[in-house]
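First up is the structure itself, then whatever we jot down about it.
Throughout, read-outs are computed from the coordinates displayed, never taken from laboratory work. Since the model is a prediction, treat every value here as computed from it, not as a measurement. For neighbour counting, all protein chains shown are included, and Cβ atoms are generated from backbone atoms with ideal geometry for every residue, glycine included.
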Amino acid sequence: MSYLLIAYAFAVALLGGYLFLSLRQLRELERPTRR
Amino acid sequence: MSRLEKASIGAVALMALAGAAIFFYAPTDFLQGAVQRIFYLHVSSAIAAYGCFAVVLLGGAIFLRTENYAADRWARAGALVGVVFTTVTLVMGMLWAKKVWGAFWVWDARLTSTLVLWIIYAGYLLVRRLTEPGRQAARLAAVVGIFGFVDVPVVHFSVTWWVTHHPGPVIINDALPPEMLATFLFTFLFTMFCTLVLAAVMITIRYRIETLMDLKQLVPSPVQVVITREPEPVQ
């Protein structure tokens, strides 16, 4: 059971983390820059 | 909230539903027990990775033919997301292997060719990172992406071409009892659908990021203009 939980915890952390960081990077790039 | 943020929330909600199906709806395997539930996301991630690398192949081929930089950006996006999904496939597979084989890793054809796939596309990303952005880098990466895709059918058919520890095709197998087939197949196909949606959303977000980064490189940084007063004539 622990291997199952570790496997899914890893997948959630990697996929979720990647998605979160991508959205944050996108938001920063789309923010209008003040000159 | 942007459209891509809304799409991300939708994809995460679908993945949560898939998780519920995996843990509470799918039947427990008689021989392996609960650990067999790794199968659903392990295989779905592998198929999502194939899809991502197909985007790299198509993007690279279109770029070499037309020099369309949008195609190159799709290729870049596909490679990064594909490496993420291949990592999920490898790590979940290793944890499953430890439970059922007693070892995290064996050098059989399926595992080795998947590791080679990961290295090829990690190399692709490294090429993009280390070379100066531009036409030459895009052309070089396109060639790596196209030749790298040769490994995808090798990974897929490795279990039928060679004798491996890794099991062969499971879905297309007459040995599965018919009463289990419906629940098992539904959970698998639903998880695969949700994973493909997530991969598509991730690639689209990455494409947008690559587009904005390219635009940022094209826009020249503001030049500082220093206005000096002309010296007043000496009287």
Note, ³J(HN,Hα) from phi for region B:183-193, Karplus 6.51, -1.76, 1.60, rounded to Hz, x at Gly and Pro = 5, 4, 5, 4, 4, 5, 5, 5, 4, 5, 4
Return the long-range amide H neighbours of B:D29 (sequence gap of 5 or more, or a different chain), with a cut-off of under 5 Å between placed amide H atoms.
-> B:Q36
In whole Hz, with x marking every Gly and Pro, tabulate ³J(HN,Hα) for region B:53-60 from phi via Karplus 6.51 cos²θ - 1.76 cosθ + 1.60, θ = phi - 60°.
-> 6, 5, 5, 4, 4, 5, x, x
Would you mind calculating the relative contact order of region B:38-125 from Cα pairs under 8 angstrom and at least 6 residues apart, reporting the percent as a whole number?
-> 32 percent
Per the Kirkwood formula over distinct C-alpha pairs, the hydrodynamic radius of the protein assembly as shown in angstrom is 20.6 Å
Which order results if B:S2, B:S44, B:S8 are arranged by neighbouring Cβ count within 10 Å, fewest first?
-> B:S2, B:S8, B:S44
Dimensions of region B:3-228 along principal axes (Cα, Å, largest first)?
-> 84, 39, 31
Taking Cα atoms, the helix B:109-130 axis meets the longest principal axis of chain B at an angle in degrees (rounded to 10) of 10 degrees
Out of B:S113, B:P169, B:S158 - ranked by how far each Cα lies towards the positive end of the dipole of chain B, with unit charges on the beta-carbon of charged residues - the top one is B:S113
In degrees, nearest ten, helix B:135-148 long axis to first principal axis of chain B (Cα) = 10 degrees
In whole Hz, with x marking every Gly and Pro, tabulate ³J(HN,Hα) for region B:40-50 from phi via Karplus 6.51 cos²θ - 1.76 cosθ + 1.60, θ = phi - 60°.
-> 4, 7, 4, 6, 4, 5, 4, 5, 4, 5, 4
When B:V56, B:V144, A:V12 are ranked with the fewest other C-beta atoms within 10 Å first, the list becomes A:V12, B:V144, B:V56
For chain B, what relative contact order do you get, as a whole percent, if you take Cα pairs closer than 8 Å and at least 6 residues apart?
-> 31 percent
